[in-house]
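Please treat every number below as a calculation from the coordinates, not as lab data. Here the structure is a predicted model, which means the values were calculated and not measured. With ideal geometry, Cβ positions are generated from the backbone for all residues, glycine too; neighbour counts draw on all protein chains shown.
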Amino acid sequence: MVTETKLTPEQHQKLSRIVYKESGVVINKKKYNLLVARLAKRMRITKTSSVADYIDLISSSPNEFNEFIDATTTNHTFFFRENKHCEFMLKTLDNTNHLKIWSAASSSGEEAFSIAVQLLANSFSFNIYASDVSDSMLKKAKRGVYSKERIDKVPSSILHTYFQKGKGQWKDYVRMKPEVQKHVVFEKFNLLSDTPFDTFDIIFCRNVMIYFDSKTRQAVVNSLCKALKPGGYFFVGMSENLHGLDHNLRAVLPSGYQKK
Ligand SMILES: C[S@@+](CC[C@H](N)C(=O)[O-])C[C@H]1O[C@@H](n2cnc3c(N)ncnc32)[C@H](O)[C@@H]1O
């Protein structure tokens with residue numbers, strides 16, 4: 001039974017520090033209510049009766065620690081979100097060269113699959129490495145099954161060619177066809193603590209740095225720029241930019257950059 005979801009200032013500070021250290025996500029005073037709501041949900045699920053007990057639980061259970069980090073990050077995404085970047089790519093790049101692409105905060109996979117279906121439709125040869133810190137999002141991404149409200153922006157010809165419609169109890173869902181799934185590999189990668197092991201022609205790191213402070217943003221940009229090939233493209237979310245950060249990129253379109 002949950003009897004308490006109020007945090008002392010010390011508990012708020014402790015939980016915020018844990019989230020910041022693990023994912024880079026800043027939970028400031030403004031986001032207090034969000035933290036409490038998500039904490040209350042985890043406490044309900046784990047049948048933990050006090051915040052103090054929950055803090056003990058995440059200190060002793062790596063599994064619940066991961067669940068807590070998952071619960072405190074924002075995973076919202078959908079197909080063809082901010083598609084200008086992809087349109088730019090299709091217009092600018094030559095489809096006779098093989099492309100290595102990284103979707104670096106892929107959430108449940110919609111970003112990576114949106115890129116994949118458009119590249120397939122335009123006869124590109126490519127592979128996409130898609131990663132996220134959240135185990136639950138990666139599980140969804142690997143399954144490749146989506147509810148219909150996520151695909152509102154997908155053009156009908158693409159929908160028809162690359163998505164399978166569900167039947168019976170799955171009638172409100174679609175699944176990525178295997179020919180799309182085979183181009184995308186999902187793996188866990190923490191932008192804060194993991195080191196890229198490969199280099200890429202294009203990196204999408206969208207709608208995640210908005211949750212980071214400038215120190216973390218700089219560290220992530222340094223790391224991703226190392227993983228970008230010279231002349232490669234780097235995309236951040238449409239409401240994000242790299243103002244105030246050091247980098248060797250030039251702006252080529254809103255929130256889109258090219259390595260010098
Ligand atoms: C709002 S979603 C963005 C999804 C997609 N890129 C888009 O633009 O629609 C942000 C994702 O960043 C992930 N994330 C947060 N901190 C991270 C970190 N330190 N390393 C990797 N992924 C992280 C979250 O788990 C979440 O799935």
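Observations on the model:
- A Förster radius of 22 Å, combined with the Cβ-Cβ distance separating ARG143 from SER239, puts the computed FRET efficiency at roughly 0.15.
- Lysine pair count for region 9-72 with Cα-Cα distance under 23 Å and sequence separation of 8 or more or different chains is 12.
- Once the chain from SER193 to SER59 is taken as fully extended at 0.36 nm per residue, the excess over their C-alpha distance is 46.3 nm.
- Computed [θ] at 222 nm, deg cm²/dmol, the chain (DSSP H ≥ 4; -39,500 (n - 2.57); rounded to nearest 500): -12000 deg cm²/dmol
- Translational diffusion coefficient (Stokes-Einstein; Kirkwood radius from C-alpha pairs) of the chain at 10 °C, 1.306 mPa s, in µm²/s: 81 µm²/s
- Karplus-derived 3J(HN,Hα), 6.51/-1.76/1.60, for each residue of region 146-160, Hz, glycine and proline x: 9, 7, 4, 5, 6, 10, 3, 8, 7, x, 5, 5, 5, 4, 5
- Short-range pairs are left out: with C-alpha atoms under 8 Å and at least six residues apart, the relative contact order of region 108-200 is 39 percent.
- Once C-alpha pairs closer than 8 Å and six or more residues apart are averaged by separation and normalised to the residue number of the chain, the relative contact order reads 17 percent.
- Ordering of 44-54, 19-29 by burial proxy (mean other Cβ atoms within 10 Å per residue, highest first): 19-29, 44-54
- A cut-off of 5 Å between modelled amide H atoms, ignoring neighbours fewer than 5 places along the same chain, links LEU228 with PHE200.
- Spatial separation of Cα centroids for region 205-259 and region 111-134, in angstrom: 19 Å
- In percent, rounded to a whole number, the relative contact order of region 9-72 is 32, using alpha-carbon pairs under 8 Å and six or more apart.
- Computed extension gain for HIS160 through ALA251, at 0.36 nm per residue and net of the alpha carbon distance, reaches 29.2 nm.
- For the pair LYS100 and LYS153, the difference between a 0.36 nm per residue extended length and the Cα-Cα distance amounts to 16.6 nm.
- Computed packing ranks the peptides 207-219, 106-118 as 106-118, 207-219, most packed first, by mean other Cβ atoms within 10 Å.
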